[in-house]
Amino acid sequence: MSRREAPLYRRGKYWLAWDRKADGSLRSPFLAIFWYDPAARRTRSASTGTAEVEAGVTALDRRYLADRDEAPAYCHACGQPFARADAYLLSDAISDYRLEKGDERSSADSIVARLKHVLDFLEAESAKGAEARFGIDTSCAIAVATPFAEAFRAWSRAQPVVWRNGEGVITTSRPRAPATTEESIIQLAAVLNHAADTRRSNARPEFKPLPRRRVSRPRRIRAGVDVLARFAAYAAEEGDKRSSLRPFLVASICTLARPDAIVDISIAPHRKQWWPGSTTLDLNPLGRSQTKKFRPVVPVMPLLEKWLSVELTAYEALEPAERAGRGWLVSYFGRPVKDVHRTWSSMLESLGMPADREWMPYVLRHSLATLVRNRGVGQWELAGYMGHRAPGQTETYAVGEYPNVIAALGDILEEIDLLAPGALHRSSTGTGSSVIELRRSKMTG
């Protein structure tokens, strides 16, 4: 490595850089991890196998954690040994949390975004120079204190939420909601508790996240059946970008599930969510741990069963080698999607509807819950169907059928079908059994 080139990243005795020859040309197309070996009295290196800096940083962090002589014993900046565990840096704690816990969770993408916001705060503080109270050299022992959390909250409130295009240019921005800041606070507390659990730090957070009722504005918008029918009619029109929108709508109406659970529905056998003849759909696939946002097992309505069956037929028509990564109900040319936000925003614009936060996909769950409850469904039954009430011992043995919810949703589907004929069918041409016919066939069969 050229001594004139600063490391891209350093942690403990390890640093990340390009492996260059004496003439400055690259010895390898991959980034390398370097460290000084005192026994051999020379610098050693190991390839990361990647040219991406972020992946190289992850590889270095993994090597650091695997080194029993390292752990939090070395300064992040200069590589000199520490005498106390309370000097464990917050930035290192964030890296370790992601490697050892966060990246394995189903909400990994959200965790990364929330913690990046914390790291952005550390960098912003460091940029203040002598005026900085905190910075990239902030340790966990300092971060656990209430003043750090309060300073982060004050800074975060002034930072807008932005969206960038493929070239990194900001295309949209909005003021940051207090709830978004508290999500980062919650994640920060998880990082600090993990540091204490692994004995890399000797302190736990003194602060507590603010209750959601204090920072979240209640959603006031509810869409009626007429609006749902407009959504369905739009989604049924021809267009590649709308191919994921219609199954998303159908599954949302039939299950009342959260958007993230809807895009996670798959008929792939190894996920154990649904199979031919099954009267239930498990919204929590095999191998995924339940979270506070509980994903229940719900009855399969006739309309949804039709969509799942067609998807299974298409899946089984593939050669076994082609089935990997396929089988998603909501997909784009067979491949999974993380969300339908872009298509949803286009729909709102085309229909001349507000494009603000309250009209985004989550409006389906809120609206349908309101429609169902106003049709006489009791709170206990609706709470179980929506996953607001984790099942007790009885539900472990006896899966609920939720007859009143199913009846109310069936009526809603019929009303949508009358206002937007054929829009909820699997075929965009409107062929096949109508929602009403499907419902009656189930009732009389």
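The values are calculated or read from the model by the stated rules, or taken from the named source; none is laboratory data. In this text the structure is predicted, and so the values were computed from the model without any measurement. Neighbour counts run over all protein chains shown; Cβ positions are idealised from the backbone, glycine included. Heads up: the accessible areas ignore ligands, DNA and RNA and are worked out on the full protein's heavy atoms, side chains in. Shrake-Rupley method; radii C 1.70, N 1.55, O 1.52, S 1.80 Å.
The figure for His388 is an accessible area of roughly 120 square angstrom, using a 1.4 Å probe on the protein chains alone. Rounded to the nearest 20, the size of the Cβ-charge dipole of the chain about its Cα centre is 880 debye, with Lys and Arg at +1 and Asp and Glu at -1.
If only the Cβ of Lys and Arg carry +1 and only the Cβ of Asp and Glu carry -1, the dipole of the range 226-361 around its Cα centre is close to 480 debye. Residues whose amide H falls under 5 Å from that of Leu281, counting only those 5 or more places apart or on a different chain, are Val298, Val300, with hydrogens built in the peptide plane. For the chain, the 222 nm mean residue ellipticity estimated from helices alone, with every DSSP H stretch of n ≥ 4 adding -39500 (n - 2.57) and the total spread over all residues, rounds to -12500 deg cm²/dmol. The mean sequence distance of close C-alpha pairs (under 8 Å, at least 6 residues apart), as a share of the length of the chain, puts its relative contact order at 11 percent. Taking every protein chain into account, the accessible area of the range 256-346 amounts to 51 square angstrom per residue (probe 1.4 Å). Quick check: from the Cα gyration tensor, does the range 267-394 come out rounded (a/c under 1.5), prolate or oblate? Note, shape of the range 267-394 comes out oblate.
Would you please classify the overall shape of the range 99-210 from the alpha carbon gyration tensor, given that a ≥ b ≥ c denote the square roots of the eigenvalues, rounded means a/c under 1.5, and beyond that prolate means a/b larger than b/c while oblate covers the rest? Oblate is the answer for the range 99-210, as a/c is 1.5 or above yet b/c matches or exceeds a/b.
Considering only Leu286, Pro209, Trp274, the residue lying farthest towards the positive end of the dipole of the range 166-314 is Pro209, judged by Cα position with unit charges set on Cβ. Per-residue extension of 0.36 nm, minus the Cα-Cα distance of Thr146 and Arg212, leaves a gain of 21.9 nm for this segment. Among the listed values [x] 23.8; [y] 25.3; [z] 22.2, the one computed from these coordinates for Kirkwood radius over Cα pairs in Å is [y]. I'd like the orientation of helix 90-100 relative to the chain: the angle between its Cα long axis and the longest Cα principal axis, in ° from 0 to 90, rounded to 10. Between helix and principal axis, roughly 50 degrees.
Evaluate the charge dipole of the range 205-253 about its Cα centre and quote only its size in Debye, nearest 20, assuming +1 on the Cβ of each Lys and Arg and -1 on the Cβ of each Asp and Glu.
For the range 205-253, the charge dipole is close to 540 debye.
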